[in-house]
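Since the structure comes first, as structure tokens, the remarks are kept for the end.
The values are calculated or read from the model by the stated rules, or taken from the named source; none is laboratory data. Not measured: the values here are computed from a predicted model. Here the Cβ positions follow ideal geometry from the backbone for every residue, glycine too, while neighbour counts run over all protein chains shown.
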Amino acid sequence: MDMEQQKVDLKNFSPDELLEFISGMGKERFRCDQLLRWIYKRGVTDLDQMTDLSKVLRAELSKKSIISDWDPEVVETSTDGTRKYLFRLEDGSSIETVRIPMEKDHSTLCISTQVGCAMQCDFCLTGNFGLKRNLTTAEIVNQVCAVAKEGPINNIVLMGMGEPLNNIDNVVRALKIFYAPTGLDYGTRKVTLSTCGLVPEMAELGKRITVNLAVSLNATTDEVRDKLMPVNKRYPLKELMAACRNYPLASYRRIFFEYILIRDLNDSIADAKRMIKLLHGIKAKVNLIPFNEHEGSSYRCPDKDTIDAFQRYLLDHDVVAIRRASKGQDISAACGQLKGKLEKNS
């Protein structure tokens, strides 16, 4: 057991770190690419199956390292094809991952970055669990590897449990694995990271790596956002919008603003007017998300006419506003619902 604990999980290494590890063993650079292809392109985690590596190298690697491999403990499938996975971690904690079917046989995978969350957003079920710990790089990447066994995943969104920018080092490592041609080989346009608005970390992220940025906005006044999202007391709307204006964007990219519509709280035309002012000077795209009602929350979803009017006002004033379709309504679709249900039952 002690020997196992001393071994490193190769999935915790970014490609550059894996190269450093292999070079430290006195091995050639190309061995790193071979390992990456076996692990991420072919999904092989048994060193004995890596037949183009010498037996000597495989034996040395087996003494120093492991390659973790996941299968979900629970899977729920919706009538619309949405699949929700609960993964049990080595310390007994659990996290959730959701595969969302899109048009033309495409799918998006929503992954978690922490066990629980410290942000305590009032509308979010995950916040009720509090923050237990950050996920390792391997635990972030393994969500993609495990679900990809069922078929290709076209897009990845870091929008599951946790605040990604509170775990920025492991998240950046995972992104490097996602992007590496010998790794999971995703283009940077295929990966989106969502934040509640940690302003200093947003600046750091923009310096360290390219990724689509989604900002959880959810209110157009500090008063309402303070109520919904305590982080707003640290970084109010003026600071958040300035950080968005300064975020490095390629000419063809926009920042996504996620806006959860909650009945009689942030769904008025006055809110839509204020949003237009907030977004002035930002290359923006607004994702309107009708509130996903769940047990224990007093918030409610607006009616269809209210949602239509809100979206139409934004569109009429040249703001790109997409209504995100609710998926998985007949399963534990909201982030944290499956975990909460299973823990309640146990």
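Summary of computed values
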{"read-out": "Any hit, region 108-126, residues being in contact (Cβ under 8 Å) with a residue 40 or more places away in the chain, touching a His at 6+ places or on another chain (Cβ under 7 Å), assigned by TED's automatic domain parsing to the domain that holds Tyr186 and surrounded by fewer than 20 Cβ atoms within 10 Å (Cβ to Cβ)", "value": "no"}
{"read-out": "Tally, over region 281-291, of residues that are within 19 Å of Arg253 (Cα to Cα) and modelled with pLDDT under 95", "value": "1"}
{"read-out": "Matching option when the condition is among the polar types (S, T, N, Q) and farther than 25 Å from Val172 by Cα, among Asn232, Asn246, Asn218, Asn212", "value": "Asn218"}
{"read-out": "Test: residue in region 43-60 that is of a type in the set (S, T, N, Q), within 21 Å of the chain's Cα centre (by Cα) and assigned to a loop (DSSP other than H, G, I, E, B)", "value": "no"}
{"read-out": "Residue within region 143-159 that is charged (D, E, K, R) and either at positive phi or under 15 Å from the mean Cα position of the chain (by Cα) (or both) present", "value": "no"}
{"read-out": "Condition broken by Ser94, with the remaining ones in (1) small (Gly, Ala, Ser); (2) at pLDDT 95 or above; (3) buried (at least 17 other Cβ atoms within 10 Å of the Cβ); (4) over 20 Å from the mean Cα position of the chain (by Cα) satisfied", "value": "(4)"}
{"read-out": "Test: residue in region 32-40 that is of a type outside the set (S, T, N, Q), over 21 Å from Ile140 (Cβ atoms) and without any contact (Cβ under 8 Å) to a residue 12 or more places away in the chain", "value": "no"}
{"read-out": "Exclusive hit being more than 30 Å from Gln49 (Cβ to Cβ) and of a type in the set (Val, Ile, Thr), set Val115, Val147, Val75", "value": "Val115"}
{"read-out": "Sole residue being assigned by TED's automatic domain parsing to the domain that holds Pro236 and either within 18 Å of Trp38 (Cα to Cα) or out of contact with any helix residue (DSSP H, G or I) (no Cβ under 9 Å at 6 or more places or on another chain) (or both), chosen from Ile177, Ile156, Ile140", "value": "Ile177"}
{"read-out": "All positions within region 240-288 that are part of a helix (DSSP H, G or I), closer than 20 Å to Asp303 by Cβ and among the hydrophobic types (A, V, I, L, M, F, W, C)", "value": "Ile269, Ala270, Ala272, Met275"}
{"read-out": "One residue from Gly92, Gly26, Gly81 being assigned to a loop (DSSP other than H, G, I, E, B) and not assigned by TED's automatic domain parsing to the domain that holds Gly116", "value": "Gly26"}
{"read-out": "Extreme residue, surrounded by the fewest Cβ atoms within 10 Å (Cβ to Cβ), among residues of region 298-323 that are aromatic (Phe, Trp, Tyr) and closer than 21 Å to Cys121 by Cβ", "value": "Tyr299"}
